[in-house]
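Trainee: Okay, handing you the structure first.
The values are calculated or read from the model by the stated rules, or taken from the named source; none is laboratory data. All values derive from a computational prediction rather than experimental measurement. No Cβ is skipped: glycine too gets one built from the backbone with ideal geometry, and neighbour counts run over all protein chains shown. Note: areas computed on protein heavy atoms with side chains; ligands, DNA, RNA excluded. Shrake-Rupley method; radii C 1.70, N 1.55, O 1.52, S 1.80 Å.
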Amino acid sequence: MQARIERIRQRLKSVEGATLELALCVAAPFLFACIVGSVYSGKKLTALPVTIIDQDDSALSREVTSALLAAEPFVPGPYAASVEDCRHLAEEGASDICIVFPPDFERGVKSARGTVVSVLVNSSNLISANIAAVTTASVLGSYSIAVDVKKMQFRGIPAVRSRSAALPISMQSRTLFNPAMNANYANFLVIGMV
């Protein structure tokens, strides 16, 4: 035991002149954990700015836009006239996600050919990018299923059968150990850095 203590003293004496390096080696991990942890101190990511370019300006595109903006993590972001504007907004950090409705959105949804909604996600922060992408997919998926159900009912298929045909696999999810799905990432980072 004495030998170990003596070796530690010798090591400390060898770095005695390098106090700045020693201080950085000890303080930097804790400083990093505190800074990164403070970003997620709210325990839940909300207020992700979303930019929507509605080239169709139809009742359906406005309805889907309202549903997207009503989703918990989203808040209206800055205006953009083009996809290129969205890229600049993402580079500046002003918008986390950009959703572009094509000019024939409602017509495409009502016809058999369908339509494509472009979604550009700023993935510089993987956690917020994942939340933005999953939320958008959930809202757009819900509308897609609703359209399928309405098309089947229009063909004369009963409501119960059309719902089960449009969504043949239903999922029941239960969250274990963290039902609120929140976390203070600072707690994990500090322990991980130590």
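Trainee: Here are Glu92, Glu106: which of them is surrounded by fewer than 15 Cβ atoms within 10 Å (Cβ to Cβ) and of a type in the set (Asp, Glu)?
Mentor: Glu92
Trainee: Residues Arg7, Arg11: which one is in a helix (DSSP H, G or I), modelled with pLDDT of 80 or more and open to solvent by 100 Å² or more (accessible area, probe 1.4 Å)?
Mentor: Exactly one of Arg7, Arg11 is in a helix (DSSP H, G or I), modelled with pLDDT of 80 or more and open to solvent by 100 Å² or more (accessible area, probe 1.4 Å), namely Arg7.
Trainee: So, in region 66-100, how many residues would count as being farther than 19 Å from Asn130 by Cβ and in contact with a Gly (Cβ under 9 Å, 6 or more places away or on another chain)?
Mentor: Matching residues across region 66-100 total 2.
Trainee: Are there any pairs with C-beta distances below 7 angstrom linking a residue in region 38-65 that is within 20 Å of Ala133 (Cβ to Cβ) and open to solvent by 30 Å² or more (accessible area, probe 1.4 Å) to a residue that is modelled with pLDDT of 90 or more and in a strand (DSSP E or B), with the two at least 6 apart or on different chains, and if so which?
Mentor: Within 7 Å, the pairs are Ala47/Val75; Ile52/Ile99; Asp54/Phe101.
Trainee: Check whether at least one residue in region 61-72 is outside any helix (DSSP H, G or I) and modelled with pLDDT under 95, and report yes or no.
Mentor: Yes: region 61-72 contains one or more residues that are outside any helix (DSSP H, G or I) and modelled with pLDDT under 95.
Trainee: Within the bounds of region 90-103, is there any residue that is free of Cβ contacts under 8 Å to residues at least 40 places away in the same chain, of a type in the set (D, E, K, R), closer than 18 Å to Ile52 by Cβ and part of a helix (DSSP H, G or I)?
Mentor: yes
Trainee: Can you confirm whether Ser124 is modelled with pLDDT under 85, farther than 19 Å from Pro76 by Cα and among the hydroxyl-bearing types (Ser, Thr, Tyr)?
Mentor: Taking the combined requirement at face value, the residue satisfies it.
Trainee: Still on this structure, I have one more. All but one of (1) open to solvent by 60 Å² or more (accessible area, probe 1.4 Å); (2) over 26 Å from Pro73 (Cα atoms) hold for Met152, so report the exception by its number.
Mentor: Of everything listed in (1) open to solvent by 60 Å² or more (accessible area, probe 1.4 Å); (2) over 26 Å from Pro73 (Cα atoms), Met152 misses just condition (1).
Trainee: Right, next: I want to confirm something. Restricting to region 110-135 and keeping residues that are in contact (Cβ under 8 Å) with a residue 24 or more places away in the chain and part of a strand (DSSP E or B), which single residue is farthest from Ala59 (Cα to Cα)?
Mentor: Val121
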